[in-house]
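One structure below.
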Amino acid sequence: MIQKKITLKHIARELGVSISTVSKALKNSNEISRDTREKIQAFARLYNYKPNNIAISLKNKRTRNIGVIIPDIVHHFFTTVFRGIEKYANQRGYNVIVCVSDESFDKEVINMEMLANGSIDGFIMALSAETQDKNDFNHLKQVTEQGIPLVLFDRVTEQVVCDKVVINDEEAAMQAVDLLVNSGKERIALFTTETYLNVSEKRERGYRRALEQNGIPYDEDLVLRLPFQFEEEDLSRPFFETRRFDAVLSVNEVFAIRGMRLAGKLGLRIPQDISFIGFTDGILSKYSMPTLSSVAQHGEQMGEVAARMLIDKVENEYDETDPGSYRTEVIRASLVQREST
């Protein structure tokens, strides 16, 4: 059965050769034996292979530019990651072009198409919320199948074979819950997003595991699931007024800060009546009143690692078909205690 769209990766896999061998054979390179060239060229004709000229120019023409796509320029974490990327890239002689998807799948695709015009050597990106919700990663696979280096950070997916940089989200959430339990808290709520966001899912898993290990039963009524982009009224008074809890773990600092604000309006003392811990450790955490205890995600370090992984891929030969050519680096988060605990 003829495939609707065949790529270099498909040809390489079917014939048991590397992507670079396929690419050279299709260009009639003398580096490849005549028999192999003819076999690859015949296979390509049979399956109506059409080269992706944009991807080929991106692969073969070094520009010393890196394309970075982040979901939100306002979010402190993403700005620190970008700072780390730019710092390291500049040291290696690369420039950085940044685009913002604004949590939109369509904008993410448009950004990739705009950057993939031969003007960059590879991509570093965190998936938008809408991309994870749609579970559609074809635009990423099209890039990686042409052998174009891609590094995903923070928000990643196992459906795309590429290098990744994450933090130990589950373990960090467990440590935060342990701190609350050790400070005498017994009913710990979770402020989280919809489960399609992979980082929120991992943090919720850590929350549940920590409760179990501390002998505290999980209570779904103590989990507040908020839209990723929400109005303040979504953090509703009824949750506070109809449930009894003495601590909150929040998957980000915005939810936590707004929770503390509402708790204060309701006359609750922080941390005596209710404690808060949030992820990110951004400017809001450091300057809120009271200051917010946080799980520091070390965004600048994550950006430096992502940039190193990408540039190493750009500058060194690797077998795109070998899953062993890719790795996931885990940055260990740390817990910063402030007034809210």
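Each label was represented as a point 7 Å from its Cα along the Cα-to-Cβ direction; for residue 221 and residue 159 these points are 3.7 nm apart. Volume per residue of the convex hull around the Cα atoms, evaluated for region 146-232, comes out as 121 Å³.
Peptides 88-95, 175-182 ranked from most to least packed give 175-182, 88-95, packing being the mean of other C-beta atoms within 10 angstrom over each peptide's residues. When the convex hull of the C-alpha atoms of region 39-197 is computed, what volume per residue in Å³ does it have? Per-residue hull volume (Cα only) is 150 Å³. Counting only DSSP beta bridges with both residues in the chain, the antiparallel share comes to about 10 percent.
Simple rule: put +1 on each Lys or Arg Cβ and -1 on each Asp or Glu Cβ in the chain, find the dipole, and look at 146, 248, 157; the Cα lying farthest toward the positive end is 146.
What does the charge dipole of the chain about its Cα centre add up to, to the nearest 20 debye, if the Cβ of each Lys and Arg holds +1 and the Cβ of each Asp and Glu holds -1? Before the final figure, lay out the partial values.
Values: 44 positive and 50 negative charges, 219 e Å.
The calculation lands at about 1060 debye.
Charge tally around residue 145: other residues with Cβ under 9 Å, Lys/Arg +1 each, Asp/Glu -1 each, net +1. A Förster radius of 41 Å, combined with the Cβ-Cβ distance separating residue 286 from residue 15, puts the computed FRET efficiency at roughly 0.15. Can you give the local net charge around residue 124? Use residues other than it whose beta-carbon is closer than 14 angstrom to its beta-carbon, Lys and Arg +1, Asp and Glu -1. Here the count lands on -2.
Using just the alpha carbons, could you tell me how many Å³ per residue the convex hull of region 8-51 encloses?
On the way: hull volume 2.6 nm³, N = 44.
So the per-residue Cα hull volume is 60 Å³.
How compact is region 58-127 by the rule of thumb for globular proteins, expressed as Cα Rg over 2.2 N^0.38 Å? Mind dumping the intermediate values first?
On the way: Rg = 11.9 Å, N = 70, 2.2 N^0.38 = 11.1 Å.
The value comes to 1.08.
Summary of packing: across the peptides 80-86, 269-275, the per-residue average of other C-beta atoms within 10 Å ranks them, highest first, as 80-86, 269-275. Per-residue Karplus couplings for region 160-168, computed as 6.51 cos²θ - 1.76 cosθ + 1.60 with θ equal to phi - 60°, are listed in order as 10, 7, 6, 6, 9, 10, 9, 9, 7 Hz, Gly and Pro entered as x.
Taking K and R as +1 and D and E as -1, what net charge do the other residues with C-beta under 9 Å from the C-beta of residue 197 add up to? Before the final figure, lay out each step's value.
On the way: positive: 155; negative: 133, 194, 201.
Taking every Cβ under 9 Å from that of residue 197, the sum is -2.
Taking only C-alpha pairs under 8 Å that are 6+ residues apart, what is the relative contact order of region 169-296 in percent?
On the way: 198 pairs, mean separation 33.0, N = 128.
Value for region 169-296: 26 percent.
The angle between the Cα long axis of helix 169-182 and the longest principal axis of the Cα atoms of the chain comes to about 10 degrees, rounded to the nearest 10. Annotation: amide H of residue 99 within the under-5 Å range of 68, 69, 70, sequence separation 5 or more or interchain, hydrogens built in the peptide plane.
Dividing the mean sequence gap of close Cα pairs (under 8 Å, 6+ apart) by how many residues the chain holds gives a relative contact order of 19 percent. Legend: translational diffusion of region 169-296 by Stokes-Einstein, Rh = Kirkwood radius over C-alpha pairs, 20 °C, 1.002 mPa s; D = 150 µm²/s. Computed over every Cα-Cα pair of the chain and binned at 10 Å starting from 0, the pair-distance distribution P(r) comes out as 5, 23, 28, 19, 13, 7, 3, 1, 0 percent. Compute the helix-to-body angle for 198-213: its Cα long axis versus the longest principal axis of the chain, expressed 0 to 90° and rounded to tens. So the inclination is approximately 50 degrees. With θ taken as phi - 60° and the Karplus curve 6.51 cos²θ - 1.76 cosθ + 1.60 applied, the whole-hertz 3J(HN,Hα) list for region 281-290 is 6, x, 4, 4, 5, 6, 10, 6, 10, x Hz, x standing for glycine and proline.
Values in this text are rule-based calculations from the coordinates and carry no lab data. Bear in mind that the values here come from a model prediction, so they are computed numbers and not experimental data. Positions of Cβ are generated from backbone atoms using ideal geometry, with glycine treated the same way; all protein chains shown enter the neighbour counts.
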